[in-house]
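The values are calculated or read from the model by the stated rules, or taken from the named source; none is laboratory data. No experiment lies behind these values; they were computed from the predicted model shown. Neighbour counts are summed over all protein chains in view; Cβ atoms, including those assigned to glycine, are modelled from backbone coordinates with ideal geometry.
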Amino acid sequence: MDDLYRDEILEHYRNPHNFGTLSEPDAVQELANPLCGDRITLMLGINDQGTIEQVAFTGRGCAISQASASMLTDQIRGMKLDEIARLDRDAVLENLGIEISPARLKCALLSLQTLRGALGERVAWQGATDE
Amino acid sequence: MTLVRALDPSAIRADFPIFERDFNGRRLAYLDSAATSLKPRVVADAVADYLTRYSANVHRGVYSIGEEATAAYEQSRVKVGRFLNAPTAREIVMVRNATEAINLVAYSWGRRHIGRADTIVATELEHHSNIVPWQLLTQEKDADLEFVAVDDDGTLNLESYEALLRTEPKLVAFGHVSNGLGTINPVRQMIDMAHEAGALVLVDGAQAVPHGPVDVQALGCDFYVFSGHKTLAPPGSGALWARMELLEEMPPFMSGGEMITEVHLRRTVFNRVPYKFEAGTPDIAAAIGLGAALDYLSGIGMENVREHERELTEYALTVLRETVPSIRLHGPPDAERRAGIVTFNLPSAHPHDVATLLDREAICVRAGHHCTMPLHERLDEAATLRASFNVYSDREDIDRLADALARAERLFGRA
């Protein structure tokens, strides 16, 4: 039973990294998975060079969704937006390092979807103010 | 009085081919019968027999296999009528599932009889299929939809029901048994109360018909619906029962072939009840499978089915409390008032993680909101775990569940 939820995942689940909020985020996104009630709110602080300087998330849900968010937020700190655009589902699954059944893929990928949503929002917001 | 015989689940399991399948050296512990039931060999055989030996359409062919198909299909209607103790099989409309039956009533009876400022009463316990059709209808008609409150023990609050009946609703719709918590509602009493208030009553029997005796005449309701796929039959089978005078007066829901006696380019004469409601070629194979499933259940005896599942539920409530003391159990605390459904959560693990761990031991449980999101809001749970039983379930299934839950709780709960 234990090999599926390896210790690293349980550790991220119990003590998620980057858990919290930013007081003045440049981008915010909240997403939920209605099937199981997983929920993630992601906040990003992005500098003028397009680099993620600060990242924080809050959420609740299953170990896979929350560990995935914890690992992803570790990974993206210091990354440039164009690098982040290249992050795909394989990157997320590689972080988790366990076999994810098709029924649980939505849990694993919720954090990536939230990240994409946050950046989409930022782009739109920038567009609006640039005009 | 019917003598209640103890079921022998091991003999019953021999009738279900899925238990011959090997799951990494384990037998399947299928504890999700509230989602859908497993199917006995006799049902699969009846379906295969139709598909391979007389797969003609019904109510059309004058050739022999067409007559065989019609006879088998109509025989299933008769079996459904007997199973529900309907006064006549002509009051049985064959549909694809309980959802379709409720939609039929909402679109046909509802659109004719529900008007502006009318009220429909449902309950917080309902499956989405007994909420959303009424939402759409009341939104379209600018009518009101109200909900009977659920008490903390998972039973309906009858004072809240009484208060809502004082608003003189046109229709009251509730489940016979809650799929979320297993609560057996006091349907007879609720039907009488509704009729006194002048309302018609639709009972959703999806979780009741597979698990105990149902007698629509004794209940005295106006509409009763169920799904075949939870009743050991194939998906695509189910029935609506309604009183003849209601069916006679209701307009068609879907239209096309089969439901007509005469079609002219500008006008149509509808077929008689129940065919008026059965447009198009039905799911003949599934309907024939439903007939075989009801025969199979009648052979066991529905009083015996209920007693078996009541006993298992009592066992499960006891063993789960003992093996996993921190478990959060929802629903009525005693097995007398609940069908074979046990809903719960572990304090340290999310339902989906638990269900994934259980799956690795060939234990199938439902994790999520079980199509009852409003009930889960009421319970203040984003999701729960649900174990549900049927004739093939036994104490070993529950022991395996309890042991695996204890291990899951240790894995997630350790500091």
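Values computed for the structure shown
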| item | result |
| --- | --- |
| Residue match in the stretch B:219-228 (condition: in a loop (DSSP other than H, G, I, E, B), modelled with pLDDT of 95 or more and closer than 26 Å to B:E336 by Cβ) | yes |
| Residues within the stretch B:264-276 that are within 27 Å of B:S55 (Cα to Cα) and not in a helix (DSSP H, G or I), tallied | 5 |
| Tally, over the stretch A:22-53, of residues that are away from every other protein chain (no Cβ under 13 Å), over 13 Å from the mean Cα position of the chain (by Cα) and either within 27 Å of B:G368 (Cβ to Cβ) or not hydrophobic (A, V, I, L, M, F, W, C) (or both) | 11 |
| Total residues in the stretch B:62-101, condition closer than 21 Å to B:S255 by Cα and of a type in the set (F, W, Y) | 1 |
| Residue match in the stretch A:73-90 (condition: within 14 Å of chain B (Cβ to nearest Cβ), surrounded by 14 or more Cβ atoms within 10 Å (Cβ to Cβ) and touching a strand residue (DSSP E or B) at 6+ places or on another chain (Cβ under 6 Å)) | no |
| Filter result (modelled with pLDDT of 90 or more and not in a helix (DSSP H, G or I)) within the stretch A:62-86 | A:C62, A:R77, A:G78, A:M79, A:K80 |
| Criterion violated by A:G61 - all others in (1) touching an Asp or Glu at 6+ places or on another chain (Cβ under 7 Å); (2) away from chain B (no Cβ under 14 Å) satisfied | (2) |
| Where A:Y13 falls short, out of the listed (1) within 30 Å of B:N24 (Cα to Cα); (2) surrounded by fewer than 19 Cβ atoms within 10 Å (Cβ to Cβ); (3) of a type outside the set (D, E) | (2) |
| Filter pass, B:E303 being under 27 Å from B:T231 (Cβ atoms), surrounded by 16 or more Cβ atoms within 10 Å (Cβ to Cβ) and of a type in the set (D, E, K, R) | no |
| Residue list for the stretch B:213-257, restricted to those being out of contact with any Leu (no Cβ under 6 Å at 6 or more places or on another chain) and β-branched (V, I, T) | B:T231 |
| Every residue from the stretch A:9-20 that is at pLDDT below 95 and farther than 21 Å from A:K106 by Cβ | A:E11, A:R14, A:N15 |
| Single residue of the stretch B:78-137 satisfying the filter (polar (S, T, N, Q) and part of a loop (DSSP other than H, G, I, E, B)) that is nearest to B:H195 (Cα to Cα) | B:N85 |
| Single match in B:A293, B:A279, B:A286 (criterion: assigned by TED's automatic domain parsing to the domain that holds B:A206, touching a His at 6+ places or on another chain (Cβ under 9 Å) and either among the small types (G, A, S) or assigned to a strand (DSSP E or B) (or both)) | B:A286 |
| Extreme residue, farthest from the other protein chains (Cβ to nearest Cβ), among residues of the stretch B:320-365 that are charged (D, E, K, R) and farther than 17 Å from B:A402 by Cβ | B:E336 |
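Residue-by-condition table, conditions (1) crowded, with 24+ Cβ neighbours inside 10 Å; (2) more than 28 Å from B:D151 (Cβ to Cβ); (3) in contact (Cβ under 8 Å) with a residue 40 or more places away in the chain:
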| residue | (1), (2), (3) |
| --- | --- |
| B:R338 | yes, no, yes |
| B:F344 | no, no, yes |
| B:H350 | yes, no, no |
| B:D353 | yes, yes, yes |
| B:R360 | no, yes, no |
| B:C371 | no, no, yes |
| B:I398 | yes, no, yes |
| B:L405 | yes, no, yes |
| B:E409 | no, no, yes |
